[in-house]
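Report on one structure; see the data block that follows.
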Amino acid sequence: MGRRILFIGPPGVGKGTQAKRLVDALGVPHVASGDMLREAVANDTELGREAVRYMEAGELVPDKLVIAMIERRLRKQDAYCGYVLDGFPRNVRQAEALTETLGDDAIDTVLVLEVTEEEIVERLLKRAAIEGRSDDDEPTIRHRLEIFRTETEPLIDYYTDKVQRVDGVGTIDQVFCRVVSGMIC
Ligand code: AMP
């Protein structure tokens, strides 16, 4: 069973939660580009200062910055036996960069989490109320969804042979059960 997993799904689909559970099950690192960028912003690093305005507007941070950040992370020793990528690659250019550096087997399985758009908006508004994230107001949410459709969904074709679709509606346990079945197929 391959341990180089990529999660794809719109913001708010529960990707982060499922990725964390899979990370615990497989014992590989969780490489979450959004978390890494938020940490860079919180630590006021050069990367954080460059990235923050894109993040607040719900835009993608420029490829060059994100690709460099992830490639540095994947070169660390703990990623040698696998990883769960969450949020990267976010578009075909980033996927091509990853293939160029790590080869075709940079990713074994692509798990695509699916839920309806209305369900997502509802979940994200709830998350905004709980976590206070500045990119979770309704117009920004809709914009991030639009970017997902135009920029990120084409990855499903890019990785077509590796894709397993997972129904993301249900409890965390139900969805995780489907995630694990997707891995075994
Ligand atoms: P996330 O937590 O994955 O929803 O990411 C939050 C924000 O970080 C996104 O709306 C983007 O502004 C930025 N971001 C995260 N991952 C990437 C990426 N791979 N490429 C460009 N921007 C990203």
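The values are calculated or read from the model by the stated rules, or taken from the named source; none is laboratory data. Given the structure is predicted, the values throughout are model-derived calculations rather than measurements. For neighbour counting, all protein chains shown are included, and Cβ atoms are generated from backbone atoms with ideal geometry for every residue, glycine included.
Before moving on, here are some points about what is shown:
- Count of residues meeting criterion [part of a helix (DSSP H, G or I), more than 15 Å from Arg133 (Cβ to Cβ) and near the ligand (Cβ under 9 Å from one of its atoms)] in the stretch 36-68: 5
- Yes/no for Tyr83 being hydroxyl-bearing (Ser, Thr, Tyr), modelled with pLDDT of 95 or more and within 13 Å of the ligand (Cβ to nearest atom): no
- Selection count where residues are within 13 Å of the ligand (Cβ to nearest atom) and in contact with a Leu (Cβ under 7 Å, 6 or more places away or on another chain), scope the stretch 1-17: 10
- A residue that is of a type in the set (Ser, Thr, Tyr) and more than 30 Å from Arg53 (Cα to Cα) occurs nowhere in the stretch 116-138.
- Scope the stretch 69-88; condition farther than 20 Å from Thr152 by Cα, in a loop (DSSP other than H, G, I, E, B) and within 17 Å of the chain's Cα centre (by Cα); matching residues: Gly82
- Residue match in the stretch 21-32 (condition: of a type outside the set (Lys, Arg), touching a helix residue (DSSP H, G or I) at 6+ places or on another chain (Cβ under 8 Å), within 14 Å of the ligand (Cβ to nearest atom) and assigned to a helix (DSSP H, G or I)): no
- Test for Glu59: is it at pLDDT below 95 and charged (D, E, K, R): yes
- Of all the listed residues (Gly103, Gly82, Gly87, Gly58), the sole one being at positive phi, out of contact with any strand residue (DSSP E or B) (no Cβ under 8 Å at 6 or more places or on another chain) and in contact (Cβ under 8 Å) with a residue 12 or more places away in the chain is Gly58.
Residue-wise test of (1) at pLDDT below 95; (2) within 14 Å of the chain's Cα centre (by Cα).
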site: Met1; (1), (2): yes, no
site: Lys15; (1), (2): yes, yes
site: Val31; (1), (2): no, yes
site: Met36; (1), (2): no, yes
site: Ala40; (1), (2): no, no
site: Asn43; (1), (2): no, no
site: Glu46; (1), (2): no, no
site: Val52; (1), (2): no, no
site: Lys64; (1), (2): no, no
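- Qualifying residues in the stretch 20-74 (those that are in contact with an Asp or Glu (Cβ under 7 Å, 6 or more places away or on another chain) and not hydrophobic (A, V, I, L, M, F, W, C)) - the one surrounded by the most Cβ atoms within 10 Å (Cβ to Cβ): Gly58
- Those helices (runs of 4 or more DSSP H) lying entirely in the stretch 109-185 with at least 2 residues touching a strand residue (DSSP E or B) at 6+ places or on another chain (Cβ under 9 Å) and in contact (Cβ under 8 Å) with a residue 60 or more places away in the chain: 154-158, 172-184
- Residue check, Pro139 surrounded by fewer than 19 Cβ atoms within 10 Å (Cβ to Cβ), at pLDDT below 90 and more than 19 Å from Gly16 (Cβ to Cβ): yes
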